[in-house]
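S.K.: Following this message is one structure expressed as structure tokens.
Computed from the coordinates by the stated procedures, all read-outs in this text should not be read as laboratory data. For clarity, every value in this text was computed on a predicted model and none was experimentally measured. Backbone-built Cβ (ideal geometry, glycine too); neighbour counts: all protein chains shown.
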Amino acid sequence: MASKNISLKPEAYERLLALKEAEESFSDEVLRLTYRKTMKGLKECFGLWKDISEKDIKAMEAAINTSKNSKTSDIAKKWES
């Protein structure tokens, strides 16, 4: 796989480091953080979930809320240290 070297100011590096997931490379992080900016738009998503049951929707909501709570506590721990 080809790669490119870039230079970052120390502040930019620290911000990326703070947002990086534990097992994530910096390349993966940049792709994750810029994904929405590179999507073609919401039109490509219309109708994708039309057949999802109410039970599955509730399960997804629960998983999202659990993830949000976990992320919030992880961020709080970083600020406390």
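S.K.: Full-extension gain between Tyr13 and Lys58, please, as 0.36 nm times their residue separation minus the C-alpha to C-alpha distance.
M.R.: 12.4 nm
S.K.: Here is a further query. Using packing as a proxy for protection, rank 19-25, 47-53 so that the peptide with the highest average count of other Cβ atoms within 10 Å comes first.
M.R.: The most tightly packed comes first, giving 19-25, 47-53.
S.K.: Right, something else. With a 10 Å Cβ neighbour count serving as the proxy for reagent exposure, in which order, fewest first, do Met1, Met60 appear?
M.R.: Numbers: Met1 3, Met60 12.
With the sparsest Cβ surroundings first, the list reads Met1, Met60.
S.K.: Another question about this same structure. Would you kindly derive the ³J(HN,Hα) couplings of the range 53-62 from the backbone phi angles with the Karplus curve 6.51 cos²θ - 1.76 cosθ + 1.60 (θ = phi - 60°), listing them in order in whole Hz, with x for Gly and Pro?
M.R.: Values per residue, Gly and Pro as x: 6, 4, 4, 5, 4, 4, 5, 5, 4, 5 Hz.
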